[in-house]
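Novice: Below are the structure tokens for one structure; questions will follow.
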């Protein structure tokens, strides 16, 4: 029983650590897209760019990436709720701000902006003029919102890491 209780005592630290790492991992994926993937796709002819991004969007919906993206969101949700009862402790504010930054700047932005853009691209005809016009707008808009997601996930990772430095918030 004592061993079980000791494990439970470390659970909040483990949750903060795993969630901070998840934020960093997601930030890294989005950073890659913001810094070179979208630029490489923009260098292709619209038809090829559309086809490539349609394929990326299909393969991105896989268990590992969804776990990283949304599992981290669940971790942030738990940390945000837990931090509300401990705002008097120094790093609880880091937990709350980091969690909210990820939830709003990464999860909400993904659902509200990037996914609808992906859905519109999914039905685009790569060989059409409409498809080429959509692709030009998609590159600008999707990349802008991806920059937002990148900064939010990175900022959340930083804030959650700062909370890890203070062991008083459990």
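The values are calculated or read from the model by the stated rules, or taken from the named source; none is laboratory data. Just so we're clear, the structure is a prediction, and the values are computed from it rather than from any experiment. Neighbour counts are summed over all protein chains in view; Cβ atoms, including those assigned to glycine, are modelled from backbone coordinates with ideal geometry.
Novice: Tell me the residue from 17, 21, 11 that is closer than 17 Å to residue 83 by Cβ and at pLDDT 95 or above, please.
Specialist: Being closer than 17 Å to residue 83 by Cβ and at pLDDT 95 or above holds for just one of 17, 21, 11, which is 17.
Novice: Follow-up. Tell me yes or no: at least one residue of the range 119-138 is closer than 30 Å to residue 13 by Cα, surrounded by 14 or more Cβ atoms within 10 Å (Cβ to Cβ) and in contact (Cβ under 8 Å) with a residue 12 or more places away in the chain.
Specialist: no
Novice: Something else about it: Going residue by residue through the range 67-85, is there one that turns out to be crowded, with 16+ Cβ neighbours inside 10 Å and at pLDDT below 95?
Specialist: Yes, some residue in the range 67-85 is crowded, with 16+ Cβ neighbours inside 10 Å and at pLDDT below 95.
Novice: Inspect all residues belonging to the range 51-62 and state whether any of them is within 24 Å of residue 166 (Cα to Cα) and surrounded by fewer than 18 Cβ atoms within 10 Å (Cβ to Cβ).
Specialist: No, every residue in the range 51-62 fails to be within 24 Å of residue 166 (Cα to Cα) and surrounded by fewer than 18 Cβ atoms within 10 Å (Cβ to Cβ).
Novice: Taking residue 61, is it under 17 Å from the mean Cα position of the chain (by Cα) and at pLDDT 95 or above?
Specialist: So residue 61 passes the test.
Novice: Condition check: assigned to a helix (DSSP H, G or I) and crowded, with 21+ Cβ neighbours inside 10 Å. Does residue 157 satisfy that?
Specialist: yes
Novice: Still on this model: Quick one: count up the residues across the range 118-153 that are assigned to a helix (DSSP H, G or I) and either under 20 Å from residue 40 (Cα atoms) or touching a strand residue (DSSP E or B) at 6+ places or on another chain (Cβ under 7 Å) (or both).
Specialist: Residues flagged as assigned to a helix (DSSP H, G or I) and either under 20 Å from residue 40 (Cα atoms) or touching a strand residue (DSSP E or B) at 6+ places or on another chain (Cβ under 7 Å) (or both) within the range 118-153 amount to 23.
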